[in-house]
Amino acid sequence: MKLRSSLFCSLMVLVKLCCCLEVGAQEDPSQISRTSCANWMSGSPGVPGHNGLPGRDGRDGKDGEKGEKGDEGKAGPKGDTGSLGAPGPAGHQGLPGIAGLPGEKGESASIYRSAFSVGLTTRVPHPNVPIKFTKIFYNEQNHYDATTGKFRPTVSGVYYFAYHITVYVADVKVSLYKNDKAVVITYDQYQKNNVDQASGSVLLHMEAGDEVWLQVYGEEENNGIYADNVNDSTFMGFLLYPDLDNRH
Ligand SMILES: [Ca+2]
């Protein structure tokens, strides 16, 4: 055993020696004796050296591949209100509506009533003044004033007036006045030993406040107006129809 080990050791020395000779033939011949022989005669490995300084930064890498599409972002804040647009075209006409309920009952027509009918109770002695008919047949609205002999309605409209005068002893010329103006004039000559009649009628438009009356026209010799128990002289008038503007 000991012999085998010595033989192996001698073989290894021979191999190493051949190696040194081969290397020395390729390198500097002056180094062969010291370096080559020193290598194969080296001792135990030395202590590892200190870490070197960090190297310089490397070059920038190439751009990477495009990434996947990200998630959708959140909605932004609400914008300001826009200006008003132009009006659209007119729509179609609608259907007729339902008929309304009946209205309330209107005012009574009584406020549009106006009528009078009067007569003489005595002879009229004075000409050129309104004849005062003091015998009242009808004067419901009191539009006729027996103290003045004048009719003064409160409703404007068209009125009918008539008079029937008994003529006795003297001629009669009588006139229907409206506001100090003679509108109708009637003349009747008295015939002796007889009783005559003088009549007249007219339609007049009256405003509220207008006045109408009868009056002897002319001098006193035309004042033959007469009345007694069996002979009347009458004067009358009534509203034929009122003006529409009475309805307020
Ligand atoms: Ca006559």
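Within the range 139-174, track down each residue that is in contact (Cβ under 8 Å) with a residue 40 or more places away in the chain, surrounded by 16 or more Cβ atoms within 10 Å (Cβ to Cβ) and among the polar types (S, T, N, Q).
Within the range 139-174, Ser156, Thr166 meet the criteria.
Inside the range 203-248, can you point out the residues that are among the β-branched types (Val, Ile, Thr) and at pLDDT 90 or above?
Across the range 203-248, the qualifying residues are Val212, Thr234.
Residues checked against (1) touching a strand residue (DSSP E or B) at 6+ places or on another chain (Cβ under 9 Å); (2) modelled with pLDDT under 90:
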{"residue": "Pro89", "(1), (2)": "no, no"}
{"residue": "Leu120", "(1), (2)": "yes, no"}
{"residue": "Val129", "(1), (2)": "yes, yes"}
{"residue": "Glu140", "(1), (2)": "yes, no"}
{"residue": "Arg152", "(1), (2)": "yes, no"}
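For the range 145-198, how many residues meet the condition of being under 16 Å from Asn222 (Cα atoms) and of a type in the set (Lys, Arg)?
Total meeting the criteria: 2.
Please list, ordered by first then second residue, the pairs with beta carbon atoms under 7 Å, 6 or more apart or interchain, first in the range 91-114 and under 30 Å from Val158 (Cβ atoms), second of a type in the set (S, T, N, Q) and at pLDDT below 90.
These pairs meet every condition: Tyr112/Asn246.
Return the total of residues in the range 199-215 being within 16 Å of the ligand (Cβ to nearest atom) and under 19 Å from Lys135 (Cα atoms).
Matching residues across the range 199-215 total 1.
Does any residue in the range 194-213 that is on the phi > 0 side of the Ramachandran plot come within less than 8 Å, Cβ to Cβ, of a residue that is β-branched (Val, Ile, Thr) six or more places away or on a different chain, and which pairs are these?
Between residues of the range 194-213 that are on the phi > 0 side of the Ramachandran plot and residues that are β-branched (Val, Ile, Thr), the close pairs are Gly209/Thr154.
The values are calculated or read from the model by the stated rules, or taken from the named source; none is laboratory data. Keep in mind that what you see is a predicted model, and the values were worked out from it rather than measured. Glycine also receives a Cβ, built like all others from the backbone with ideal geometry; neighbour counts cover every protein chain displayed.
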